[in-house]
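The values are calculated or read from the model by the stated rules, or taken from the named source; none is laboratory data. This is a predicted model, so every value here is computed, not measured. Positions of Cβ are backbone-derived with ideal geometry, glycine not excepted, and every protein chain shown enters the neighbour counts. Remember, those area values only see protein heavy atoms, side chains included, never the ligands or the DNA or RNA. Shrake-Rupley method; radii C 1.70, N 1.55, O 1.52, S 1.80 Å.
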Amino acid sequence: MEAAPVGEDGTTSGERALQATVALDGDGMVIAQARHLAADFLTRVQADHGLPVSQRAMDLTQLVVSELVTNARKYAPGPVLLDLRITGDTVEVVVWDSDPVLPVARAADADRVEQHGLEIVMAVAQGFEAERQPVGKRITVRIALLDDPGGAVAGRRPL
C-alpha cells in the first residue's frame, strides 16, 4: 500500500491534511493497512487541526473502511482506491473499485453467516451513496465526527 497524496505536499484546496488518498493493491494485508490509515488520518486531523473526533467515530470509520475495502477486494478485480476526507462535521470514506455492479443490502436473515457488511455500513452511516463511474463504482459513506452518545470526545484541544 502506497499513499498517493492529492497535491505535491498532500494537501487539497488549501486544507492541509484534511484528505488522504491511497491506492490499495496486493494481498489481504491491505484491509488491516486501510484500517490503520483511517485511524492515523483521524488522529492527525485531531492533533494538527484540533478537530474533535469521538472514539465512536474513530471506531466506526475503521469498521466502515474494513467492510468496504473487504468487499472491493473480494468482488472487484484490480486495485482499490481509498479516499478519506473531512467535510464539515463528518468524515467521508470513499472507496472506488473496478466492478460496475452496485452493492445491494440483503434482507435481514439471522441464519445467514456472511454478507452482512453492507447492512452494517448502512446502519452506522450518516449518509451512504453508491455511484457507477466510467470505470467501476464509487461508494461514499459519511460518519459524524461527534456521534458519541454518552462518551468522551477524544482529541479536543483546550481553548
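Things to note:
- Every residue from region 44-59 that is open to solvent by 70 Å² or more (accessible area, probe 1.4 Å), closer than 30 Å to A76 by Cα and touching a residue at least 12 places away in the same chain (Cβ under 8 Å): R56
- Residue match in region 98-111 (condition: in contact with an Asp or Glu (Cβ under 9 Å, 6 or more places away or on another chain) and buried (at least 18 other Cβ atoms within 10 Å of the Cβ)): no
- Cβ-Cβ under 8 Å pairs, at least 6 apart or on other chains, region 60-78 side of a type in the set (K, R), far side part of a helix (DSSP H, G or I): R73/V30; R73/I31
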